[in-house]
Amino acid sequence: AEFQEQHRPQFHFTPPSGWMNDPNGMVYHNGEYHLFYQHNPDSTVWGPMHWGHAVSKDMVDWEHLPIALYPDSLGAIFSGSAVVDVNNTSGLGTKENPAMVAVFTYHNAEAEKAGRNDFQTQGIAFSLDNGRSWTKYKANPVLKNPGIRDFRDPKVIWYEPEQEWIMALAVKDHISFYSSKNLLDWKLESDFGANVGAHGGVWECPDLFKMPVEGTDEEKWVLIVNINPGAPNGGSGTQYFVGDFNGSRFVLDPQFQADLNARPVIAKVVNGQEGIWLDYGRDQYAGVSWSGIPEEDGRRLFMGWMSNWDYANVVPTEKWRSAMTVARKLELVNTPAGLRVASKPVKELENIYGASESLEEQTVSNVLAISEKLSFNPVTYDLQLDLKPVGPQSSFAIELSNEKDQKVLVGYDVSRGQYYIDRTKAGDHSFSDKFSGVQYAPRLSNDASFDLRLLVDVASVEFFADGGKTVMTSVFFPDEPFTRVRLVPGQGRLKLDSGKITNLKSIYS
Ligand code: FRU
């Protein structure tokens, strides 16, 4: 059967075959969520980039469509975004049938080989039939390269107050903001970031959006900046900044600036990197959000690539390589550390809910075998636990394992005050010496109770702690599926206040 190979995720998006990296051009239009992606159809390793394409009515069940954008004489098609030009500012569609416009980076490998520095430029393409067929704009590129090697990944948004488009572009060690009235002519407005945040690698794949601040009437702007390498647990990761954007400049929130300055205190234990991170796991990268979400919905919806450039090209899958995370809803919430972006799986995940079992309220002093006597085989599931230590705080872990005693631990380390994912014994890691190891993330809650949620697929876990204030995503490659789930207290005992494990049905069934 299709999509049943070893390690093939059953509810995460994967390409049918070939290589995939970043999500691109995520846009909602006429009842469909579009997902484009960096794709090399001819090989399972990175190569000449195309935009692969899929659509979904719920961001869970995806229909694969033909490749949307092919390389051309200007270069391969690197990452970028898509918008619906509702006011027909570009003249590429009509008001009645507005164009879907993709804005992407052309990467000219020949020019790079020839030793030039201006091989990355921005181009556009448009579709008048819901993304089914695409025409490249005749006067590409729309933004030429000023002589900077890293000049890519345009994220375009509509800035209502000025009735103009804003492009956030990753330029080596900063983000440049450009403005345009028509998506065709772009003017540089400002640069942000050369002196703030994490700079252990190149800045890539930015995103910029406004969000309500939980519990207030206030709104703030969030600037997402992906970076590779330089993530807190190594390799690639997603940092973000909270501030204000006035149509030309992004200014850091003073409190967020102070939080960043205070970082080393926390960062010391998280591998000495500065920055505030959307997901501390090893395997969420290039994450950005959907455009075109209707106002009455109002959610900020996000998806990332579930891999890491440290080993993405060599993970042990055969026909295809890598998956996306589940779609997540972002929120700006208060934490003891300050305002932070929290992530939760979208509620549409319930569309694939299968059998479900509740765990009894109980005190756990030894090991709780969660997977015993379930009505389903736990390979793909949603596990939710609400627990607290009896007495002083202590460490604990949720252990996913198989008969071969391969395992992944998702837990809390009381001595560090941090969550962790340990995949040192998780199965095959022979493909890369950077894969095995323990990943850590700060806990951003002082609650006595731990509210934990794990989405487990065949080859990955997404861990949402304290309502998504701490998120960790990690992949693994066991010889046999992890069908054993156990709650393992550390020195102390745990009070399990509530728990529930729900089977997630395969999107291919
Ligand atoms: C991020 C990235 C982008 C680039 C794309 C190329 O993972 O390096 O900066 O556009 O991948 O595939």
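The values are calculated or read from the model by the stated rules, or taken from the named source; none is laboratory data. Treat the numbers as computed from the prediction; the structure is a model and nothing was measured. Every residue, glycine as well, gets a Cβ built from its backbone with ideal geometry; the counts of neighbours run over all protein chains shown.
Listed here are the residues, each with its yes/no results for (1) surrounded by fewer than 17 Cβ atoms within 10 Å (Cβ to Cβ); (2) within 16 Å of the ligand (Cβ to nearest atom); (3) assigned to a strand (DSSP E or B).
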position	(1), (2), (3)
274	no, no, no
278	no, yes, yes
288	no, yes, yes
296	yes, no, no
303	no, yes, yes
307	no, yes, no
330	no, no, yes
333	no, no, yes
348	no, no, no
Is it the case that some residue within segment 266-282 is within 18 Å of residue 464 (Cα to Cα), modelled with pLDDT of 95 or more and of a type in the set (Val, Ile, Thr)? no
Would you say residue 288 is within 17 Å of the chain's Cα centre (by Cα) and closer than 17 Å to residue 56 by Cβ? yes
For residue 477, which of the numbered conditions (1) under 18 Å from residue 425 (Cβ atoms); (2) surrounded by 22 or more Cβ atoms within 10 Å (Cβ to Cβ); (3) among the hydrophobic types (A, V, I, L, M, F, W, C) fails to hold? (2)
Among the residues of segment 219-260, which ones are touching a Leu at 6+ places or on another chain (Cβ under 6 Å) and within 15 Å of the ligand (Cβ to nearest atom)? 238
Could you figure out which of (1) among the aliphatic types (A, V, I, L, M); (2) closer than 21 Å to residue 236 by Cβ; (3) not in a strand (DSSP E or B) isn't true of residue 1? (2)
Exactly one condition in (1) buried (at least 16 other Cβ atoms within 10 Å of the Cβ); (2) at pLDDT 95 or above; (3) of a type in the set (Val, Ile, Thr) is false for residue 196; which is it? (2)
Considering only residues that are outside any loop (DSSP other than H, G, I, E, B) and of a type outside the set (A, V, I, L, M), look in segment 370-390 and name the one that is farthest from residue 354 (Cα to Cα). 389
Cβ-Cβ under 6 Å pairs, at least 6 apart or on other chains, segment 83-96 side closer than 17 Å to residue 160 by Cβ, far side charged (D, E, K, R) and part of a loop (DSSP other than H, G, I, E, B): 88/95
Looking at this structure, is residue 354 on the phi < 0 side of the Ramachandran plot and in a strand (DSSP E or B)? yes
Residue 110, sole failed condition from (1) within 15 Å of the ligand (Cβ to nearest atom); (2) not in a loop (DSSP other than H, G, I, E, B): (1)
Filter segment 156-211 down to the residues that are among the aromatic types (Phe, Trp, Tyr) and part of a strand (DSSP E or B), then identify the one that is nearest to the ligand (Cβ to nearest atom). 203
Mind listing just one residue for me: the one in segment 395-435 that is buried (at least 17 other Cβ atoms within 10 Å of the Cβ) and of a type in the set (Ser, Thr, Tyr) and, of those, farthest from residue 312 (Cα to Cα)? 395
Residue list for segment 324-362, restricted to those being touching a Leu at 6+ places or on another chain (Cβ under 8 Å) and β-branched (Val, Ile, Thr): 326, 333, 335, 341, 346, 352
The condition from (1) surrounded by 23 or more Cβ atoms within 10 Å (Cβ to Cβ); (2) more than 20 Å from residue 376 (Cα to Cα) that residue 461 misses is numbered (2)
Among the residues of segment 29-69, how many are within 16 Å of the ligand (Cβ to nearest atom) and touching a residue at least 40 places away in the same chain (Cβ under 8 Å)? 13
Please specify each residue of segment 228-262 satisfying the condition of being touching a residue at least 12 places away in the same chain (Cβ under 8 Å) and of a type in the set (Val, Ile, Thr). 238, 242
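Please determine whether any residue of segment 211-226 is over 20 Å from the mean Cα position of the chain (by Cα), among the basic types (Lys, Arg) and within 17 Å of residue 159 (Cα to Cα).
Yes.
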Which one of these does residue 139 not meet: (1) farther than 26 Å from residue 32 by Cβ; (2) within 16 Å of the ligand (Cβ to nearest atom)? (2)
What number goes with the only condition from (1) in contact with a Gly (Cβ under 7 Å, 6 or more places away or on another chain); (2) in a loop (DSSP other than H, G, I, E, B); (3) buried (at least 21 other Cβ atoms within 10 Å of the Cβ) that residue 92 does not pass? (1)
For segment 487-509, check the following and say yes or no: at least one residue is among the charged types (D, E, K, R) and crowded, with 19+ Cβ neighbours inside 10 Å. no
